[in-house]
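Have a look at the structure below, then the notes.
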Amino acid sequence: MAEKTGISWTDSTFNPWIGCTKVSPGCDNCYASVSTPARSMRIVWGAGQPRHRTSAQNWKTPEFWNGQHEAFKATHGRRRRVFCASLADVFDNEVPNQWRSDLFALIDRTPNLDWLLLTKRVGNVLPMLLEIGRDRLPVNVWQGISAVNQDEARRDLPKLARIEATVRWVSYEPALGELDLFDSVMTKDGPRQLIEGLDWVIAGGESGPKARPIKREWVDLLREQCDRCGVAFFFKQWGGASATAGGCDLNGHEVKQWPQTA
């Protein structure tokens, strides 16, 4: 879909389909639902609304990137990272299983790419994989969840921890409340801190004219907790009506902190 992107924590984006349903407070001002593709194709967000599968030509793009692997690695020193479904959710209940099966077959055919999957429906991941005849994620998938506040983190991070993935990550964007990853939840194996099993945390404020404010102390807490546990931390933006694209540290300077994988 896009070889270059304004999403600063990835290299490229690929949308196998477009459309979703708002299921979280973080979805209230969803950029995807009013994006140019959604508006031009008149795609309606919501349960029971059809999702739009993108063109066969678009589906060839990741294979082209896969073939460029040596050149990309020579330039960047690592593999290309592809954020999949920036305008959708791979584990959306409204998406046909055949589409998901086709997507994971494409992921298998592109072993030189690291696929970044981000979902608000982490409870669907394992059941939906089983429905398409898979018992685990491909090794080149980094599985992430969106958690915009403590309630979402407590609900979904234990579910993420049960998924076998090369990289497990959380997107705290838009940040809508304090997120304490040292908080503990009870599991069948006893108490477990939310940060256990995490490899990467992305934090950022909401952008756009209706942006809800982020607090400095929320970011400081997460950064300090990640540093103490050796978890990669990426601060994207403060947000606001005129937020600039690109990763930045707390003084506004560009920084890219990635999980240390090849």
>> I'm told Gln193 meets every condition in (1) modelled with pLDDT of 95 or more; (2) surrounded by fewer than 16 Cβ atoms within 10 Å (Cβ to Cβ); (3) over 20 Å from the mean Cα position of the chain (by Cα) except one. Can you identify the failing condition by its number?
In response: (2)
> Restricting the search to the stretch 86-128, which residues are in a helix (DSSP H, G or I) and either polar (S, T, N, Q) or under 17 Å from Ile43 (Cα atoms) (or both)?
Replying inline: Asn97, Gln98, Ser101, Asn124
>> Just the residues that are within 22 Å of Trp200 (Cα to Cα) and either outside any loop (DSSP other than H, G, I, E, B) or among the β-branched types (Val, Ile, Thr) (or both), please, taken from the stretch 1-24.
In response: Thr5, Ile7, Thr10, Ser12, Thr13, Phe14
>> Val148 - would you say it is closer than 19 Å to Leu137 by Cβ, in contact (Cβ under 8 Å) with a residue 12 or more places away in the chain and under 18 Å from the mean Cα position of the chain (by Cα)?
In response: no
> From Ala38, Ala85, which residue is surrounded by 15 or more Cβ atoms within 10 Å (Cβ to Cβ) and within 17 Å of the chain's Cα centre (by Cα)?
Replying inline: Ala85
> So, of the residues in the stretch 213-224 that are closer than 21 Å to Leu118 by Cβ and in contact (Cβ under 8 Å) with a residue 40 or more places away in the chain, which turns out to be surrounded by the most Cβ atoms within 10 Å (Cβ to Cβ)?
Replying inline: Leu222
> Within the set of pairs 6 or more residues apart or between chains, which connect a residue that is under 18 Å from Thr21 (Cβ atoms) inside the stretch 38-60 to a residue that is of a type in the set (Ser, Thr, Tyr) and modelled with pLDDT under 95 with Cβ atoms less than 6 Å apart?
Replying inline: Trp45/Ser33
> When Thr75 is evaluated against the numbered criteria (1) surrounded by 17 or more Cβ atoms within 10 Å (Cβ to Cβ); (2) over 30 Å from Gly177 (Cα atoms), which criterion, by number, is the only one it fails?
Replying inline: (1)
> From the set of residues in the stretch 1-37 that are in contact (Cβ under 8 Å) with a residue 24 or more places away in the chain and among the β-branched types (Val, Ile, Thr), which is nearest to Gly144 (Cα to Cα)?
Replying inline: Thr10
> Pro174 is checked against (1) free of Cβ contacts under 8 Å to residues at least 40 places away in the same chain; (2) surrounded by 14 or more Cβ atoms within 10 Å (Cβ to Cβ) and fails just one. What number does that condition carry?
Replying inline: (1)
> Is one or more of the residues making up the stretch 59-79 under 27 Å from Gln98 (Cβ atoms) and either in a strand (DSSP E or B) or modelled with pLDDT under 95 (or both)?
Replying inline: no
>> Quick check on this structure: which one of Ile145, Ile107, Ile132 is of a type in the set (Val, Ile, Thr), touching a Phe, Trp or Tyr at 6+ places or on another chain (Cβ under 6 Å) and within 24 Å of Trp169 (Cβ to Cβ)?
In response: Ile107
>> Residue under question is Leu160, and the condition is that it be under 19 Å from the mean Cα position of the chain (by Cα), buried (at least 22 other Cβ atoms within 10 Å of the Cβ) and in a loop (DSSP other than H, G, I, E, B); does it hold?
In response: no
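The values are calculated or read from the model by the stated rules, or taken from the named source; none is laboratory data. Since the structure is predicted, the reported quantities are computational estimates derived from the model, not experimental observations. All Cβ positions, glycine included, derive from the backbone under ideal geometry; neighbour counts span all protein chains shown.
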